[in-house]
Amino acid sequence: MTAVVGETVTLPCRTTTVIATADWYFVSSEKGRPSIVSVAGKLVNGYSNRFTIETNVQGDFSLTIRSATRADAGMYICRWIAGEDLEHRMMLNVHGKISIAVT
């Protein structure tokens, strides 16, 4: 996915299963280490100004970035876990990569 500096971009993370939790991680193109964007659908400090997570639709944890900057380029990972008990849990990682272009 490519975005232009200043644009709004949404990374989808949806499922039809009952969700226990969903977390977002970001791996910078420059640093290569993952940082936590959200835990259990709640944004962590440093990401709450321009980032939002869909909360109006059950099973939708899409991440929206407003006013994209070059620093937002990299890999985003949505990890959701479904299931009521530990024995029958299912986990899925959804990856999305953003390239930021300057116009």
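The values are calculated or read from the model by the stated rules, or taken from the named source; none is laboratory data. As the structure is a prediction and not an experimental result, all values here were calculated from the model. Virtual Cβ from ideal backbone geometry, glycine too; neighbours counted across all protein chains shown.
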Revision key, fill the gap. Going through the range 34-54 in order, the residues found to be over 14 Å from ALA71 (Cα atoms) and basic (Lys, Arg) are LYS42
Revision key, fill the gap. Only one of VAL57, VAL94 is buried (at least 17 other Cβ atoms within 10 Å of the Cβ) and at pLDDT below 85, namely VAL94
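Being at pLDDT 75 or above, among the hydrophobic types (A, V, I, L, M, F, W, C) and exposed (fewer than 14 other Cβ atoms within 10 Å of the Cβ) is true for just one of ALA73, ALA40, ALA22, ALA68. Which residue is that?
Residue meeting the stated conditions: ALA40.
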Study note, to complete from the structure: Exception for THR15 within (1) modelled with pLDDT of 85 or more; (2) buried (at least 17 other Cβ atoms within 10 Å of the Cβ) falls at (1)
